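No value in this document is a laboratory result; all are computed from the given coordinates. Just so you know, these numbers come straight off a predicted model, no measurement behind them. When we count neighbours, we look across all protein chains shown, and the Cβ atoms used for this are built from the backbone with ideal geometry, even at glycine.
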């Protein structure tokens, strides 16, 4: 199929994200820099990099007043050499904190925190796009964690940390970052209230980071609305550590659901004008933190253990407006198993007409165009109709309908020969593996059957 968008935009995540005025980032550690598979993907597909551990306190100041920026500098250098911006992560966090900090007398904590922030942020001044100034300040119930910083300064440590970071690096975007705040709940409500309070006090808070470490199928339905309320305060929002973990072994249906989840997160971001971008935590499944942190889970990223793109990659690219298969082409959609074509019965233009397979005849009711926005259209002019899913469950009829731009009218042509609904993650399926003329077409759980194999054009 012929590309309908610029080649650089259609072929890479970063190119398409940049065309949308956003970024698509990843996370790397110092050890990852020695792996050509990871760095090849990172430098080509992503345009923002976050250091996994190299800017955290236990690395940068392992002993009081003794700083080590070498590992972080390597991540910054990689980013600069690949035209990637860098997200600083992080300055203040209760975890990965050297024991000497927790052992300080409460009267020493404020000065130590300010010194650490000033020294590190000054070292990277002008080199970073943003800082996660305070990371994960909340408990699940919305109360602030009673760590060494809270115990010494109360809730005021957050404002002090942000002001100190702004003085050291006035051009960096300053964020608070946390997990399980993606939906509207007690924890995100507490973050929202804190943001309101800080802004009312004139504290230099620029954004909120939504980590987005999800379990398969559990992306909150109100994520976009939640991000929007923060944006309404005048704050940027960002998805900072996205992954979607699957209980292993991952099935084909799991991978399709994961594709749906990634696509939904990206679309949620695109739906909020102040959502500046999405970053995945890690590059590929083989180097993800998930298996080590969540027993029995894995397969959480866009790339598999062999650095091959998964359905989630296609869904992410599609959500950004690109197409892994180019988009823009047209012709018959051939049902491989039946040897027939996707057909609108009786050359009908009636909304809701369910599709069937029929002998290929070159008719206008069998001439489909796969657009750059991943619609499959038939006919032209006032009669143009879109391939439309009437629902999201297995057995849902596939029909023609007026083109609306909805997710139920977006279709991904995958490298394995399937066509999946972006909204549902289900496969375009010839009912009951039928091969006869008039067999209806529906959505069904992807199963690798020949009745789910299609070619376009």
Mean shadow area of the chain, taken as a quarter of the surface of its Cα convex hull (nm²): 21.8 nm²
Given the rule -39500 (n - 2.57) for each run of at least 4 DSSP H residues, summed and divided by the residues of the chain, what is its mean residue ellipticity at 222 nm, to the nearest 500 deg cm²/dmol? -8500 deg cm²/dmol
Under the 7 Å Cα-to-Cβ spin-label approximation, residue 125 and residue 248 lie apart by a distance in nanometres of 4.6 nm
Pairs of alpha-carbon atoms within less than 8 angstrom and 6+ residues apart define the contacts here; what relative contact order does region 5-116 have, in percent? 23 percent
Can you tell me the equivalent ellipsoid semi-axes for region 229-374? Use √(5λ) from the Cα gyration tensor, largest first, whole Å. 36, 22, 13
Exposure-ranked with fewest Cβ neighbours within 10 Å first, 125, 229, 267 stand as 125, 229, 267
May I ask you to sort 385, 85 by Cβ crowding, counting other Cβ atoms within 10 Å and putting the fewest first? 85, 385
Average silhouette area of region 329-456, convex hull of alpha-carbon atoms, in square nanometres: 6.5 nm²
Report Rg(Cα)/(2.2 N^0.38 Å) for region 1-158, keeping two decimals. 1.23
Could you work out how far helix 70-81 tilts from the main Cα principal axis of the chain, as a 0 to 90 degree angle to the nearest 10? 40 degrees
For an R0 of 22 angstrom, estimate the FRET efficiency from the Cβ-Cβ distance between residue 295 and residue 83 and round to the nearest 0.05. 0.05
Quick check: the distance between the Cα centres of region 58-75 and region 237-258, to the nearest angstrom? 33 Å
Relative to the first principal axis of the alpha-carbon coordinates of the chain, what is the inclination of helix 36-45, with its axis defined by its Cα atoms, in degrees from 0 to 90 and to the nearest 10? 80 degrees
Starting from 0 in steps of 5 Å, tell me what percent of the Cα-Cα pairs of region 52-127 lands in each bin. 3, 15, 28, 24, 14, 9, 5, 2, 1
For 91, 128, 97, order by how many other beta-carbon atoms lie within 10 Å, fewest first: 97, 128, 91
Below 8 Å between Cα atoms, with a sequence gap of 6+, how large is the relative contact order for region 329-456 in percent? 28 percent
Measure nothing but the geometry: give the 0 to 90° angle between the long axis through the Cα atoms of 156-168 and the longest principal axis through the Cα atoms of the chain, rounded to 10°. 90 degrees
What percent does the relative contact order of the chain come to when contacts are Cα pairs within less than 8 Å and at least six residues apart? 13 percent
From the C-alpha gyration tensor of region 139-236, pull out the three semi-axes of the equivalent ellipsoid (sqrt of 5λ each), sorted largest to smallest, in whole Å. 23, 16, 12
Between region 337-402 and region 185-216, how far is it from one alpha carbon centroid to the other, in angstrom? 45 Å
